């Protein structure tokens, strides 16, 4: 199914990201489209490593300071490891000191959905990918105040990084202005 993550007006219940929340202008994001469908569980199990499956499909959390992207600073795009849907720009990544990759906002409107998570005897806001419904991490209100005050605390195992130099080749060329 061909879907536009930028022009699709579907709103997901509980989505925290609403129109204009990302701070990117409409002309920057107006044309990017892609095919983002969730594979069946058999394909997902074959495609993912054990930790990727544990995190994205079983709502797990990887260890802080011992994951691939917590201290990663290259320019590029972070996509859902399950579907490839664009989620975060390196431009919005910052060092939160938590040991997990943290972002001030998703790359585009409605790239992620949220829901209440009452596990571990606490209440948090869980972040999931829009089409793959992959568990990505959690959203907190302790991010940089000059960037909106949000901290999207993500699991590296839920993400795949596409370097800026490979974005065109991998079909994400229209999003290059959002990572430069």
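In the range 82-89 there is no residue that is surrounded by fewer than 15 Cβ atoms within 10 Å (Cβ to Cβ), in contact with a helix residue (DSSP H, G or I) (Cβ under 9 Å, 6 or more places away or on another chain), at pLDDT 95 or above and closer than 26 Å to residue 117 by Cα. Is it the case, given these coordinates, that residue 137 is at negative phi, within 12 Å of the chain's Cα centre (by Cα) and in contact (Cβ under 8 Å) with a residue 40 or more places away in the chain? Judged against the criteria, residue 137 is not a match.
I'd like to know if the range 141-149 contains one or more residues that are in contact (Cβ under 8 Å) with a residue 12 or more places away in the chain and either closer than 22 Å to residue 48 by Cβ or crowded, with 23+ Cβ neighbours inside 10 Å (or both). Taking every residue of the range 141-149 in turn, none turns out to be in contact (Cβ under 8 Å) with a residue 12 or more places away in the chain and either closer than 22 Å to residue 48 by Cβ or crowded, with 23+ Cβ neighbours inside 10 Å (or both).
Listed here are the residues, each with its yes/no results for (1) on the phi < 0 side of the Ramachandran plot; (2) surrounded by 20 or more Cβ atoms within 10 Å (Cβ to Cβ); (3) at pLDDT below 95.
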| site | (1), (2), (3) |
| --- | --- |
| 24 | yes, yes, yes |
| 28 | yes, no, yes |
| 33 | yes, no, yes |
| 50 | yes, no, no |
| 53 | yes, no, no |
| 56 | yes, yes, no |
| 63 | yes, no, no |
| 77 | yes, yes, no |
| 101 | yes, yes, no |
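The values are calculated or read from the model by the stated rules, or taken from the named source; none is laboratory data. Owing to the predicted nature of the structure, the values given are computational and were not obtained by experimental measurement. Here Cβ is always computed from backbone atoms with ideal geometry, including for glycine, and neighbour counts include all displayed protein chains.
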